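The values are calculated or read from the model by the stated rules, or taken from the named source; none is laboratory data. It should be emphasised that the depicted structure is a prediction, and the values quoted were computed from it without experimental measurement. In this analysis, Cβ positions are derived from the backbone assuming ideal geometry, glycine residues included, and neighbour counts consider all displayed protein chains.
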Amino acid sequence: MIPCILYEDEHLLVVNKPAGLNTHRPSPYTTDGIYDWFRHAEEKWANLSTLHRLDKETSGVLCFGKTRLANQSLSDQFAKRQIEKTYLLLTDYETPFQKLRVRSLICRQGSSYFARSVPSPLERNDRALLAETGLEVVETGRRCTLLKAYPLTGRTHQIRVHAAWKGFPILGDELYGGTPLGALCLHASRLELFHPATGKKMTFEAPAPFSVKEASGIVSTAISLRKAFLDTQETNAYRVFHGASDGLSGVYLESLADRLLVLTQEAAATAEIRSLAKATAAALGVKSIWHKTLLRQPGKESAEEASPVCLWSKNEEAKKNDFEILENGLRYRLSFEAGYSVGIFLDQRENRRRILRNTILPGFPLWEQTELTSEPPQMLNAFAYTCAFSVCGARAGFQTTSLDLSRKYLDWGAENMRLNGIDPAGHDFIFGDVFSWRKRLQSKGRTFDFIVLDPPTFSRSKKSGIFKAERDLQKLTLEWIGLLRKNGVILISTNCATLAPADFEEMIWRAAKESGRKVLQSHFVTQPMDFAASSEEKAYLKAFWLRLE
């Protein structure tokens, strides 16, 4: 069950959108909006339609149509203003009224909007700019006032602009003069509509994440966004704060089971960061806080220098460096003594889920069994690290081959398999240089139904020389396509931040073309929503799924 779903039937999907998430993906190469995430997750949501929208910063009730009947009916209801929407907002400014109706024109100015008085007489061109909002005081606290807002029109930023225009900007709405908070205290609390099939009036509600006693701070907003899509009974490892996208430039926090890992560019956590970490730890109920310095050069420091250090621990057990996490219902061992990496890359969680569920997206299965199939499908995981991809492949029915230059990590991968009830003896683990082993596998006539290529951004090998992703990824992809079976799938991924997404995609397309094989299906993805991308924090992870004839 997806936690943010409020209601679903044959015609409607109603969700509680968290703040910090777009309704739609703003560009092809950034993280999903809530609409995109659902549409790509399961077949039953593949044809979702957006009937209305909420700003990225606004939380609350959002309705999608699943059928043509629903789309037509609800579009008509919105056009006729038969659908009633209620918002809640907080302001820390005076509101010298109990009820207020605001009527203005709303005009665009760059990336924001402004209100101006309605002229008399109203010109035809002004009608498209006309906006009207009803406001009502609900509760007054010591510092804040809670109001209801009833938008009678549907202009962009309407409630925010009207509140600011009348002298009580919304708390946290810095764009329109509100007091800085780290979160916008505006929530779509109620939506009333007529069911498209039955005609019955339906009401959907979601409680606001704020009140006059407690505003939505940066911690609660970040956690709410993550928990809207994660079943914490199956996944307890995720990124809680992702730098500037969550208002914390250069600061990253990860929840790893009962541990909180703080990653910064500073050699030591500042007092401000320690305070944030303690607040986050309290909200999540974790038992220890650890700090790790970013922007080092992996491989040039000792494991002790590169490993996280414990800042605080509730008990001795929580100080242990080795522990387990859950992801998509599978268990993985992590270690804070392993050096720069702790044993898993959380930004690949959604790609591992796709393998585990044997579905890249609706209509794009990873592998399909036929009557002629007598042996298990074959999967190759190059640059396997601790074999997290292989564990998912094994659980999905693949016989896996994991290839890595580190025997320690391959042994770790075998342990991860045993943690999930998989006998590693039924799978291959090859210790060696990936670049040279490609030729050896090819000479042995080995081919695979599924290949994972997730190379490092940069590597140096005595046998193969220097590899740079932004220069050599096309050649690498072309070489490994040669080991892919007919109708097989290859996943190529890189976290090279200097390689632009469009250039990455073009490289993979060129490799596919050079192979002489027809691309039957393809799908580009980037990092999951807990690694939210923004104009300040660009998406770095790029992954391309291809099925080749």
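A few notes on this one:
- In segment 79-91, the count of residues that are part of a helix (DSSP H, G or I) and under 27 Å from Asn16 (Cα atoms) is one or more.
- Residue within segment 139-151 that is without any contact (Cβ under 8 Å) to a residue 40 or more places away in the chain, surrounded by 13 or more Cβ atoms within 10 Å (Cβ to Cβ) and either within 19 Å of His52 (Cα to Cα) or of a type outside the set (Gly, Ala, Ser) (or both) present: no
- Scanning segment 187-204 for residues that are touching a Lys or Arg at 6+ places or on another chain (Cβ under 7 Å) and surrounded by 21 or more Cβ atoms within 10 Å (Cβ to Cβ) yields Ala188, Leu191.
- Of all the residues in segment 249-269, those that are surrounded by fewer than 22 Cβ atoms within 10 Å (Cβ to Cβ), modelled with pLDDT under 90 and of a type outside the set (Asp, Glu) number 3.
- Criterion applied to Ser75, Ser104, Ser117, Ser49 was being in contact (Cβ under 8 Å) with a residue 60 or more places away in the chain and either among the hydroxyl-bearing types (Ser, Thr, Tyr) or surrounded by fewer than 16 Cβ atoms within 10 Å (Cβ to Cβ) (or both), and the one residue passing it is Ser104.
- Pro207 vs. criteria surrounded by fewer than 19 Cβ atoms within 10 Å (Cβ to Cβ), out of contact with any strand residue (DSSP E or B) (no Cβ under 6 Å at 6 or more places or on another chain) and not aliphatic (A, V, I, L, M): yes
- Just one of (1) in contact (Cβ under 8 Å) with a residue 12 or more places away in the chain; (2) outside any strand (DSSP E or B); (3) out of contact with any Ser or Thr (no Cβ under 6 Å at 6 or more places or on another chain) fails for Val61. It is (2).
- When residues in segment 314-332 are screened for being surrounded by 16 or more Cβ atoms within 10 Å (Cβ to Cβ) and either among the small types (Gly, Ala, Ser) or under 23 Å from the mean Cα position of the chain (by Cα) (or both), 7 of them pass.
- Single match in Cys387, Cys392 (criterion: under 21 Å from the mean Cα position of the chain (by Cα) and not β-branched (Val, Ile, Thr)): Cys392
- Every listed requirement among (1) part of a strand (DSSP E or B); (2) acidic (Asp, Glu); (3) farther than 30 Å from Phe38 by Cβ is met by Asp449 save one, (3).
Residue-wise test of (1) surrounded by fewer than 19 Cβ atoms within 10 Å (Cβ to Cβ); (2) not in a helix (DSSP H, G or I); (3) not assigned by TED's automatic domain parsing to the domain that holds Ile490.
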position: Gly397; (1), (2), (3): yes, yes, no
position: Ser402; (1), (2), (3): no, yes, no
position: Lys408; (1), (2), (3): yes, no, no
position: Trp412; (1), (2), (3): no, no, no
position: Arg418; (1), (2), (3): yes, no, no
position: Gly421; (1), (2), (3): yes, yes, no
position: Ser436; (1), (2), (3): yes, no, no
position: Lys439; (1), (2), (3): yes, no, no
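- The selection criterion, being over 20 Å from Arg440 (Cβ atoms) and at pLDDT below 95, holds for Glu375.
- Within this structure, Glu94 passes the test of being in contact (Cβ under 8 Å) with a residue 40 or more places away in the chain and either of a type in the set (A, V, I, L, M, F, W, C) or more than 20 Å from Thr58 (Cβ to Cβ) (or both).
- Of the residues Ala206, Ala215, Ala237, the single one that is within 29 Å of Ala269 (Cα to Cα) and modelled with pLDDT of 95 or more is Ala237.
- Residue in segment 460-472 that is in a loop (DSSP other than H, G, I, E, B), within 16 Å of Phe383 (Cα to Cα), assigned by TED's automatic domain parsing to the domain that holds Thr370 and among the hydrophobic types (A, V, I, L, M, F, W, C) present: no
- Those residues of segment 534-545 which are at pLDDT 90 or above and either touching a Pro at 6+ places or on another chain (Cβ under 9 Å) or assigned to a loop (DSSP other than H, G, I, E, B) (or both), in sequence order: Glu537, Lys538, Ala539, Tyr540, Leu541, Lys542
- Residue check: Gly413 meets all listed conditions (1) without any contact (Cβ under 8 Å) to a residue 12 or more places away in the chain; (2) closer than 28 Å to Asn358 by Cα but one, namely (1).
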